[in-house]
Amino acid sequence: MICVCSTDRRWVDSLTGLPLVDDTLVHVAGVGELSDMEPGSVSVLLIDLKSCGEEDLASIEPPMIALAERPLYDQGMRLLRRGVRGYGNRHMHRDNLVQAVTAVKGGQVWMPPEFVARMIASLTPAEPEKALPETMEPLSRREEEVTGFVAEGLSNREIAEKMAITVRTVKAHLTSIFAKTGFRDRLELAVKMKKG
């Protein structure tokens, strides 16, 4: 079940009909109501930061996506340290919200691409040969190129332009890279590449 925590009934109503496979959407007005729910019944909690303060998030257990009126990088980093698994704009496109919920349900972190790029850019470089697992299947030359660009914080579109390939091909390379390395997303890949 996906739980939406907000006092803004109009916003909650706008989420009705999201194509969330095998999930029902339940609404609560405040975090206090979450204690009435059966433990483990909520797979993802969507928190409307317009209705709920950051300090209220410390006591919440299910994976959370915090949605702000105007997302700010510093707030996003603070919330990640508090255990939030996703962060973005409460008015984001429905497809992006579904993508965020799917990512967080899968154990990944979801943030706006420009925040992820900024996080990656802030990491210090490591020696690349120490970054990837030694037991994995070797990456192709093109996959190594894509990995290097991800570590630089480039988006799929920017990688496609640099490599003169389509965004779809970049995504295919990333899928193969994730399968070979066992990393779940581009942020984890970039962190491993930069931190070793």
Among the residues of the stretch 25-53, which ones are of a type in the set (Asp, Glu) and modelled with pLDDT under 85?
Glu33, Asp36, Glu38
Any chance the stretch 173-186 includes a residue that's at pLDDT 85 or above, surrounded by fewer than 20 Cβ atoms within 10 Å (Cβ to Cβ), within 26 Å of Met64 (Cα to Cα) and among the hydroxyl-bearing types (Ser, Thr, Tyr)?
yes
Which of the residues spanning the stretch 149-171 are open to solvent by 60 Å² or more (accessible area, probe 1.4 Å) and either under 19 Å from the mean Cα position of the chain (by Cα) or not hydrophobic (A, V, I, L, M, F, W, C) (or both)?
Glu152, Arg157, Glu158, Glu161, Lys162, Thr166, Arg168, Lys171
Which one of these is at pLDDT 90 or above, among the charged types (D, E, K, R) and either in contact with a strand residue (DSSP E or B) (Cβ under 8 Å, 6 or more places away or on another chain) or more than 24 Å from Phe183 (Cα to Cα) (or both): Asp74, Asp22, Asp13, Asp56?
Asp74
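The values are calculated or read from the model by the stated rules, or taken from the named source; none is laboratory data. What you are looking at is a predicted structure, and each value in this text was computed from that prediction instead of being measured. So basically every Cβ, Gly included, is an ideal-geometry build from the backbone, and we count neighbours across all protein chains shown. Remember, those area values only see protein heavy atoms, side chains included, never the ligands or the DNA or RNA. Shrake-Rupley method; radii C 1.70, N 1.55, O 1.52, S 1.80 Å.
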